[in-house]
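Worksheet for the structure shown next.
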Amino acid sequence: MADFDERELVARCQRGDDSAFAELVDRFKNLVYAMIYRMMSDRTQVEDLAQEVFLKVHRGLPYFRGEARLSTWIYRIVANVCVQARSGRRPMTSSSDVAEPASADGAFADLELRDRIEKAMAKLPENYRFLIAAHYLKGVQYEALAESLNIPLGTVKTHLFRAKRQLRELMS
C-alpha cells in the first residue's frame, strides 16, 4: 500500500469511517493471521487473537500519529498480543502436529518438512520466532522490524542470525 493511500486510510478511520476500518482489516488480515499462526503453538487461538489485534488497532487508531508505517505499528501489536497470550498459559499441542495423508511422495515430503519446521519454530524463543516469521516468511525488511520492535538495526540482524542458527540446530 502506498504511503499516501495508507495515510488517507488512517485519516478516514480516525474520522470514524466504518467502511475505512473494514478496508484496513481486509488489507491486513492475511498478514495478521499469518504472523499469529507462525508465532503461536496453539493454532486454535489464531482467530481469537486476530480479533484482539484488530480491536487494539481500532482502539489505538485515534492515537496513531503516523511516525511509523501502519504495517509496522500493526506488527508491533501482533507481537504484543502473542506475547501476552503465551505468557499466561502453557503450550498446547496444535492440530498441525498431526500429519495429513499425502497422495504423492513429493507432497508427503513437503508436508513432513513443513511439520518439522513448524515444530522447530515452536521451540524457538518468542522474539526469534517473530523475527523469522516476519522477515523470512512475510518479507518484512530489517528496518521495519527494528522500528516496530524499537531496537537497533544491528540487534535485529544479530537476533535473526542467532534465530536461524538455532532453527538449524533444532532441525538437525
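The values are calculated or read from the model by the stated rules, or taken from the named source; none is laboratory data. This structure is a prediction, so every number in the text was calculated from the model and none was measured. Glycine gets a Cβ as well: all are built from the backbone with ideal geometry, and neighbour counts include every protein chain shown.
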(message) Take the residues in the stretch 145-172 that are in contact with a helix residue (DSSP H, G or I) (Cβ under 9 Å, 6 or more places away or on another chain) and among the small types (G, A, S); name whichever of them is nearest to A68 (Cα to Cα).
(response) S148
(message) Quick check on my filter: what residues within the stretch 3-29 are without any contact (Cβ under 8 Å) to a residue 24 or more places away in the chain and in contact with a helix residue (DSSP H, G or I) (Cβ under 6 Å, 6 or more places away or on another chain)?
(response) R12, A20
(request) Scan the stretch 1-52 residue by residue and report those that are touching a Pro at 6+ places or on another chain (Cβ under 7 Å) and either surrounded by fewer than 17 Cβ atoms within 10 Å (Cβ to Cβ) or aliphatic (A, V, I, L, M) (or both). (result) Q14
(message) Can you say whether L160 is of a type in the set (A, V, I, L, M), modelled with pLDDT under 75, more than 18 Å from M40 (Cβ to Cβ) and outside the structural domain of D5 (by TED's automatic domain parsing), as far as the supplied structure shows?
(response) no
(message) C82 - would you say it is free of Cβ contacts under 8 Å to residues at least 60 places away in the same chain and under 21 Å from N127 (Cα atoms)?
(response) yes
(message) Given (1) over 15 Å from the mean Cα position of the chain (by Cα); (2) at negative phi; (3) outside any helix (DSSP H, G or I), identify the lone condition not met by S41.
(response) (1)
(request) Take the residues in the stretch 126-149 that are touching a residue at least 60 places away in the same chain (Cβ under 8 Å) and outside any helix (DSSP H, G or I), then tell me which one is surrounded by the fewest Cβ atoms within 10 Å (Cβ to Cβ). (result) K138
(message) Checking the conditions here, which among G106, G60 is of a type in the set (G, A, S), surrounded by fewer than 16 Cβ atoms within 10 Å (Cβ to Cβ) and either at pLDDT 85 or above or in contact with a Phe, Trp or Tyr (Cβ under 8 Å, 6 or more places away or on another chain) (or both)?
(response) G60
(request) Determine whether R76 is part of a helix (DSSP H, G or I) and out of contact with any helix residue (DSSP H, G or I) (no Cβ under 9 Å at 6 or more places or on another chain). (result) no
